[in-house]
Amino acid sequence: MFTCDICGQSGLSEPDMRTHILIMHEENEYNCPICNLSGISYDELMFHIETSHSEVKPVDDSRTVCSIDKEKDLNASLQTSGLAQLKHKTVPEQQEFKVDRMDEPKPEMSCGASSSSCERPFSHNLSGKDESKRLMQSEAVNGHISRTVWRQPEQTICNNNHKGSEDNGLCNSSEESVKFDAPECPFCGLTGNSGEDLNEHVRNKHSELLETPQKGCGKQRLYPCPMCKLIFANCQILQEHVELHLAESRAEECVLADHQFAQRLQEEEEKQRKASETKREHEEFQKLKQQYGLDNRGGYKQQIMHNMERAVARGQLNPAEYHRRKAEVMESLAVGEDDGRTRTSGLIRALNEYYQRNGAEIRHVYLCAETDHYHASLGDKGWGCGYRNFQMIISSLLKLEGYKHDLHDLVIPCIPKIQSMIEEAWKDGFDPQGAAHFKNKLQGTRAWIGATEIYSLLTFLRIKCQIVDFHHPTGPSDTHPRLFEWLRQFYSSGREAEPRLQPRVVWTNKPPIYLQHHGHSRTVIGVEERNNGTLGLLIIDPGNHEMQKLLRRDMTGVNLKMIRRFIGSLKHKQYQIVAVNGFLSVEEKNARKHASVLLTAEKVPQ
């Protein structure tokens, strides 16, 4: 902020300072360069000098001519000097200096000298802080008033007309001396140096503050923009210009506010999206844990007891039957043998009889060895399909002569028993990755098992088997014709007679095949080959409770729909099968155990 050294007004910015100087101290106000008179017009100043300071004119002719020239130069200086327009403050008790006449004018001080040596400039007190230190001294040199200069603070001013000064360059004790501070620029605060005119400094450095003459129109007032420092000649144009600045500022503020609002909305939407996604992932994870039996809700025993209690509460089971069933369940769990309540026997024999009587559209049908069907019960509903399929495979092996001898101590195990058998296989070293996945524990859980657990358990029992992975569709519309062909080859292989000489119904001695896909598993018990060359599979599902219908003598093709599956009905992305084909020696079992550290499957297609 600036302080006006003329009138003492403070708290002004640079634009306000310019306007203040222009309006308050530049228009029609002049100061007397000899005395303290100020605030008068040019005509009044000339009249004042002629009447009050006539003694400064020389008596002789030569000095008179010089005085006339000096007056002309003074007029020119008063009109052109920008500093002459600054307002001069009256300093109390300012010392006046009289002009001494020289007897012999020096050559360099003649009337032919430059206007700077003959002009009569005047001084201004530009600082309102300490007026006693701002006295400007006019020196009488060669019969005219010398120029006012900036000097260093506390400098002693000596009168040049004292003769003692030429001897040693020092002032005598009788000479008057005045100490003052150098004037400061009212715009930039710069302190003047010796020999530099404040008038020239203001005109050179701050010329934009002064009035500039316009061709044909005299002097014109300039208006600086307080925001961008541009200078305007018209106040209305300046006002419009400032309004543009304000409008632009308001527009920027609006844009910034809109941007911040949009950013805040985007952040809120992103936060809500993340919260919703986190909630959905948590719900899906809980569903998966519940689906795969990893939600710590208990295993087979807890589920069957809970469901029987609910049946009693609903009136579907009387208390006596509940206690009888509970005793049977506890006995079955203690022995480790399935109670057979969900078993359906004689299924393959009934199918063989049906195809012998019917099926003219079928060229060949291949059936597996006799197999019992086991469906889910109250204790494993929703998660026990893998265990039930294992029971079907074991039920078939126990009926085959080639396997019965080596499995003479094995009975159809219940689901908790199957879980303990898998845990034993893990302890023996089979499938360490699968064991780590289930944390080496299946008993007391509702965990799902898949093809790798079935393979590990069969190999642990020295049953030779293989995993075949149909890892992507091999036909149009995401179908798996290679799966159907592989199963047909499996059941038809080993036949010595030509295919055209084979009987229409081939009842083989091969066990059923475990079929796994995402979320469910089933058991393949046969393959149909129709007259048109298409293939169909006979698949029994642990979730089907109506397999008793296939045992009727009046069974029709409508009943077969529950087990028939064609190429267009198997469209899962991936299928895995576990096929049994013999027994293992102890050495082969150990070799497969070591190889199960990284279980690999035969991939079709390669």
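The table below gives the values:
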| quantity | calculated |
| --- | --- |
| Within the stretch 221-266, tally of residues that are part of a helix (DSSP H, G or I) and of a type outside the set (Asp, Glu) | 26 |
| Out of Ser585, Ser596, sole residue that is out of contact with any helix residue (DSSP H, G or I) (no Cβ under 8 Å at 6 or more places or on another chain), hydroxyl-bearing (Ser, Thr, Tyr) and within 22 Å of Leu397 (Cβ to Cβ) | Ser585 |
| The listed residue being in a helix (DSSP H, G or I), touching a residue at least 24 places away in the same chain (Cβ under 8 Å) and among the hydroxyl-bearing types (Ser, Thr, Tyr), out of Ser596, Ser521 | Ser596 |
| Residue among Ala320, Ala313 that is within 60 Å of the chain's Cα centre (by Cα) and more than 21 Å from Cys414 (Cα to Cα) | Ala313 |
| Selected residue [at pLDDT 95 or above, crowded, with 20+ Cβ neighbours inside 10 Å and not aromatic (Phe, Trp, Tyr)] from Ser377, Ser395 | Ser395 |
| Top-ranked residue of the stretch 34-58 - restricted to ones that are in a loop (DSSP other than H, G, I, E, B) and either modelled with pLDDT of 75 or more or not hydroxyl-bearing (Ser, Thr, Tyr) (or both), ranked as surrounded by the most Cβ atoms within 10 Å (Cβ to Cβ) | Ile34 |
| Any hit, the stretch 339-357, residues being assigned to a strand (DSSP E or B), in the same structural domain as Gly444 (by TED's automatic domain parsing), surrounded by fewer than 17 Cβ atoms within 10 Å (Cβ to Cβ) and acidic (Asp, Glu) | no |
| Meets criteria (within 18 Å of Asp541 (Cα to Cα) and in the same structural domain as Arg488 (by TED's automatic domain parsing)) for Ser395 | yes |
| Total residues in the stretch 414-453, condition touching an Asp or Glu at 6+ places or on another chain (Cβ under 7 Å), surrounded by 20 or more Cβ atoms within 10 Å (Cβ to Cβ) and closer than 17 Å to Ile304 by Cβ | 3 |
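The values are calculated or read from the model by the stated rules, or taken from the named source; none is laboratory data. Keep in mind that what you see is a predicted model, and the values were worked out from it rather than measured. Backbone-built Cβ (ideal geometry, glycine too); neighbour counts: all protein chains shown.
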